[in-house]
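K.L.:
Starting off with a structure, shown below.
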Amino acid sequence: VHQAQAQRPLFHITPDFGWSNDPNGMLQYNGVHHVFFQHTPNETVFGRQTWAHVASTDLVHWKRLPTALYPDRSYDTSGVFSGSATLYNGIPYQLYTGVSQFQELGYYFQVQAVALPANLSDPMLVDWVKPADNPIIPAPPDGATNQQFRDPTTAFYQDGAWRVAVGTQLNCSGTALLYSTQDFQSYTYNGVLASQIGIEPNGLCADSGLGSTEKCNQIGEGCRMWECVDAVHVGPVMAIKWSDQVNGRSFFSRDWYVLSSATAQVTSLDLDGPEGSFQPGVDGTAFYSPQAVDYGLVYASKFWRDAAQRQLWMGWTFETSAGCDQACSTGTNFTTAQGYQGAQTLARLVTYDPEIQELVFYPTEESKLLRSQQQVSRLNSLPVNEEGASVLGPNVSRNQHMYDADVSFALQGDSGAVQPFSVGLVLVMGVNSDTDVTFQLNGTATTSSSGMTNVTSLGVYVDRRNAPPPTNTTYGSGFDGGPVTLPEGGTPGTNLRLRALIDNSLFEVFAQDGRGRVTSRAYSLAVDEAWDLKAYGSFAGSVKVSGSVWAMDACWVDDLMIESQ
Ligand code: DQQ
């Protein structure tokens, strides 16, 4: 087994073989959760896209199903691109983007189409049909073109009609177009729902809290396209989310969102108003600064609701392996040996946190079902220092590097002192220490004898100094990370909490129950017994660690236990 294959993530959704990207069309139907994703089945680079299909009864154990959508119509012959599911009168409608004429035009000609289940009594929804009146939205409004017109959202009911947003480029700016429909067959253009203009008066780089200007400089100026837009209600707020494509390069960018309050949301869809578009703000406060959905390698994410009306979210986490300077869309020896590209994050629950006026994203409760019987260790007041202390018990099988580490750091120190601190987990990935990965929280704390009482700033950083075979080059220079907002004057005795879901080469790291999140990939030069996970802390005083670490199971199952309806 090639080292690349040995480090394939096993509890995240990946394709058996081939290229994968955006999650599509998620829905729960008759008790079964469905996830589709962009897939080129016959090669490990981006090609003629299909919709791959997996299903689950618990949102974490998945069964592979046959490809759901193929490029087999004149309007989608070059690929079936991203889209979203809506349950309307109990029927799942998959709105998606059909692309064609790639050979002739040199670009993907984009229209919006629909697919429906062939058999509504099949809980697996294996077969899909494309009605004869496709494409349902053949052309964008004036000013936009079929070259940049894609990724319809889940429909939401507002002001007496179903509304669907579609991403485009207008006046060189990323834009979400709004459509209404009464019957899911004919669609009326309503106007601009949201646009980069107005949301980023000072430019995204200035407002993003990206942490470093490095990526902003790479992005530079240039026309923008909003891919994979979403418009969702989360508790009292409405969120507009977009995937920011700059100069045709999706992959240096991130997924961003802005919020509006519930009252502003009604105005936002009052398209006869002077602006005629979404005005971000919370409780009357202008809230222009876009927030990152995840500070790591996540793109083209999507929100959906399950039958219990939970707001859920999942995103594509792409490769940065083996010398690729972006998502390896052209492939390398490494990605060929790996046999696949791209994975999906775990499903995350999305809530609105009024204290910090941000969305919080955290793995669903079901993620705990992946914890195996083997609880690797239960930590209680393990004192740690800058050297770090192993959090893995003595009898741990280290053949597979799949763990869920949920660890709290209690800072001890002088009463009232203001101190910089850093705490974290270090993943020692092999004998070559250059491949270590660090999950780290930094900040400043005012402490008392009872522990931390005030955190003024906090960051999550993943150090992914990558040295994958065969190039032996280092990918990335330091950190992916961003701020974790804690309110001024944190609760006395609050611990810093870090949860690291480690799946061979894929890491999802959460700080303070989802207020901060970073997803990253890294490969080890040597997959061997030297692997370890250590907690460390650097602080004037000391740090005590508590929590638990579990070994994790793989997500793949051959059969789903379906309760008869
Ligand atoms: N990927 C899809 C498009 C989308 C882009 C094609 C985002 O629909 O705009 O695979 O990664």
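Values quoted throughout were computed directly from the atomic coordinates according to the rules given, and no laboratory measurement underlies them. This structure is a prediction, so every number in the text was calculated from the model and none was measured. Backbone-built Cβ (ideal geometry, glycine too); neighbour counts: all protein chains shown.
K.L.:
Kindly put 348, 305 in sequence by how many other C-beta atoms sit within 10 Å of each C-beta, fewest to most.
P.N.:
Ranked by crowding around the Cβ, least crowded first: 305, 348.
K.L.:
Moving on. Estimate the FRET efficiency between residue 43 and residue 381 by the formula 1/(1 + (r/R0)^6), using the beta-carbon distance for r and 51 Å for R0, to the nearest 0.05.
P.N.:
Numbers: r = 52 Å, r/R0 = 1.02.
The calculated FRET efficiency here is 0.45.
K.L.:
Modelled label-to-label distance, residue 161 and residue 91, 7 Å Cα→beta-carbon offset: nm?
P.N.:
2.0 nm
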